[in-house]
Amino acid sequence: MRVVVLAGGTGGAKLAAGFQDVIGADLTVIANTGDDTEVHGLRVCPDPDLVTYWLAGRIDEERGWGIRGDGFVVHEQLEELGAPGWFRLSDRDLATCLYRTHFLAEGGTLTAAQAQIARALGASATVLPACEEPIRTKIHTPAGERGLQEFLIVDGAAAPIEGVTVDGLPEARPTPEVRAALAEADAVVIGPSNPVISIGPILAIPGMREAIADAPGPVVAVSPFVAGRAVKGPTEAFMAAVGRPVSAAGVASLYTGLLDGMVVDSGDPDPPPADLRTLSCPTLMEGAAGRRALAERVLEFAQELR
Ligand code: GDP
């Protein structure tokens, strides 16, 4: 069964790692590029890289970003030289960014760069950036517009969120590789990532919703809320900012018209509408076994929906 998973860098990436355990190279991950930014003149692609590190078994699971056991020698030296230090990249993570930046400067595509990075690091699934064109998620706060990374890291995600927009969308399109993967998908899984800032920018790319709806297999979303709470990160604040409850129903309301089914946590306080086929089960992914177990349940559910 060929499965496409839409993901940001944590919840969706963890589920993707579970899927890779079960179906290997039949998995394609479409990763959010709205988080991308430039640091030290380098192109940083947090979500495509985090997905790759999860798939390659290299992620620092405890921290939730960067590469396990990696150092910060280059970062420390950059700071000593006077470079801004707010965005921390570990040494091997910086190497990924150097490689990609040079690859792009030489005329290569982001898709090809990420394919080589995933292959070289040992992922068996395919990792596709959602689009080639630069899209940039912006957070509107009382102090003005902030880049997503500045908001999350410099502001500590503490400022009130007045709105979320994504720059560059009119020019963006799903890549031919994204279209091809969706056209062959026996199931499309919207991973348990932040619906507003991780999945939202992917779905907002013109033509993406249509390409997903045209996939031959069912479209299933997995809620990122466990017992009515986000496991980690600022997802609850982003749901509040778009006026949605922190629940499976809130998530479903952001994916209206797209879903054939939804997987929700058994402890969720507020189920999706009754006309949406729903699988209720424990959705906290603890360790590799937990990630695999959830992937297996989602796969079974998607098969029932076919
Ligand atoms: P980011 O790109 O690193 O910000 O992360 P994502 O948007 O991909 O993922 C953040 C979301 O993952 C949060 O809303 C968490 O609640 C969710 N999440 C993390 N771990 C789990 C898990 O084990 N199960 C479920 N259902 N959601 C999870």
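The values are calculated or read from the model by the stated rules, or taken from the named source; none is laboratory data. All values derive from a computational prediction rather than experimental measurement. Note that each Cβ is placed from the backbone with ideal geometry, even for glycine, and that neighbours are counted across all protein chains shown.
Tabulated results
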item: Boolean, I161 is modelled with pLDDT of 95 or more, assigned to a loop (DSSP other than H, G, I, E, B) and within 20 Å of A240 (Cβ to Cβ); result: yes
item: Of all residues in segment 23-44 being over 14 Å from A56 (Cβ atoms) and within 16 Å of the ligand (Cβ to nearest atom), the one that is surrounded by the most Cβ atoms within 10 Å (Cβ to Cβ); result: I30
item: Residue, nearest to P272 (Cα to Cα), within segment 198-235, restricted to residues that are outside any loop (DSSP other than H, G, I, E, B) and more than 16 Å from the ligand (Cβ to nearest atom); result: V219
item: Selection within segment 53-63 - loosely packed, with under 15 Cβ neighbours inside 10 Å and either touching a Gly at 6+ places or on another chain (Cβ under 8 Å) or not in a loop (DSSP other than H, G, I, E, B) (or both); result: G57
item: Hits in segment 98-153 (condition: hydroxyl-bearing (S, T, Y) and within 16 Å of the chain's Cα centre (by Cα)); result: T111, T126, T137
item: Of all residues making up segment 119-146, the number that are hydrophobic (A, V, I, L, M, F, W, C), modelled with pLDDT of 95 or more and in a loop (DSSP other than H, G, I, E, B); result: 5
item: Any hit, segment 261-269, residues being farther than 26 Å from H140 by Cβ, crowded, with 16+ Cβ neighbours inside 10 Å and of a type in the set (D, E); result: yes
item: Sole residue being over 30 Å from F151 (Cβ atoms), surrounded by fewer than 20 Cβ atoms within 10 Å (Cβ to Cβ) and modelled with pLDDT of 95 or more, chosen from L254, L258, L284, L276; result: L276
item: All positions within segment 165-197 that are more than 24 Å from A25 (Cβ to Cβ), more than 16 Å from the ligand (Cβ to nearest atom) and among the hydrophobic types (A, V, I, L, M, F, W, C); result: L169, A172
item: Any chance L6 is closer than 28 Å to V166 by Cβ, within 16 Å of the ligand (Cβ to nearest atom), at pLDDT 95 or above and part of a strand (DSSP E or B); result: yes
item: Candidates R297, R306, filtered to the one that is more than 12 Å from the ligand (Cβ to nearest atom), in contact (Cβ under 8 Å) with a residue 12 or more places away in the chain and surrounded by fewer than 19 Cβ atoms within 10 Å (Cβ to Cβ); result: R306
item: Residue check, V188 in contact (Cβ under 8 Å) with a residue 24 or more places away in the chain, within 14 Å of L6 (Cβ to Cβ), of a type outside the set (D, E, K, R) and in a strand (DSSP E or B); result: yes
item: Where a residue in segment 251-279 is closer than 26 Å to V164 by Cβ and its partner, wherever it lies, is among the charged types (D, E, K, R) and surrounded by 17 or more Cβ atoms within 10 Å (Cβ to Cβ), with Cβ under 6 Å and at least six apart; result: S253/R244
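Every residue, every condition in (1) in contact with a Phe, Trp or Tyr (Cβ under 8 Å, 6 or more places away or on another chain); (2) assigned to a loop (DSSP other than H, G, I, E, B); (3) under 27 Å from I153 (Cβ atoms); (4) among the small types (G, A, S), yes or no:
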| position | (1), (2), (3), (4) |
| --- | --- |
| P271 | no, yes, no, no |
| A274 | no, yes, no, yes |
| A293 | no, no, no, yes |
| E300 | no, no, no, no |
